[in-house]
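Take a look at the structure below.
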Amino acid sequence: QVQLVESGGGLVQAGGSLRLSCAASGRTFSRYAMGWFRQAPGKEREFVAVIRWSGGSTYYADSVKGRFTISRDSAKNTVYLQMNSLKPEDTAVYYCAADQDWGLNLGPHEYDYWGQGTQVTVSS
């Protein structure tokens, strides 16, 4: 079955950087889109970024545009989220998700598979 495993979260000061990884297994993902979402305490899960595995088209939430970069390494079956210029409001659990319909979708309900999440905490 499909398995998504996130890593790379941690505690960082405002202005710092982190790179999250999502190792995907159990399927051929060439026709999938891979997304990153985040959820802060007491808030709904929100879209961060998405990439089409084939072709590499991307889309970002306005709140992270210019600071975060999503990418994928097909040889390693891994998707990355490079996060720069981090702000305290970026603090959340970050989730990797896979959409087998290949669209650049923003809604969590569009995604079929989810990882367990990794905590990112940005201190001021």
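The values are calculated or read from the model by the stated rules, or taken from the named source; none is laboratory data. On a predicted model such as this, the values are computed, not experimentally measured, just so you know. Cβ: placed from backbone, ideal geometry, glycine included. Neighbour counts: every protein chain shown. Remember, those area values only see protein heavy atoms, side chains included, never the ligands or the DNA or RNA. Shrake-Rupley method; radii C 1.70, N 1.55, O 1.52, S 1.80 Å.
Quick rundown of the values:
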quantity: For the range 79-86, 3J(HN,Hα) per residue [Karplus equation, 6.51 cos²θ - 1.76 cosθ + 1.60, θ = phi - 60°, Hz, x = Gly/Pro]; calculated: 10, 10, 10, 7, 10, 10, 6, 5
quantity: Contact order normalised by residue count of the range 1-63, Cα under 8 Å, 6+ apart, percent; calculated: 24
quantity: In order through the range 99-107: 3J(HN,Hα) via Karplus (6.51 cos²θ - 1.76 cosθ + 1.60), integer Hz, x for Gly, Pro; calculated: 10, 6, 8, 6, x, 8, 8, 9, x
quantity: Local electrostatic count, Leu20, Cβ distance below 12 Å [Lys/Arg +1, Asp/Glu -1]; calculated: 0
quantity: Proximal lysines to Lys43, defined as alpha-carbon separation beneath 18 angstrom and excluding residues fewer than eight positions away on the same chain; calculated: Lys87
quantity: 12 Å beta-carbon shell around Thr118, net charge (K/R +1, D/E -1); calculated: +1
quantity: Length-normalised contact order of the chain in % [C-alpha pairs under 8 Å, at least 6 apart]; calculated: 36
quantity: Residue-normalised accessible area of the chain, given per residue in Å² at a 1.4 Å probe; calculated: 50
quantity: Exposure rank, largest accessible area first [Thr69, Thr118; 1.4 Å]; calculated: Thr69, Thr118
quantity: Heavy-atom accessible surface of the chain: percent carbon and sulfur, 1.4 Å; calculated: 45
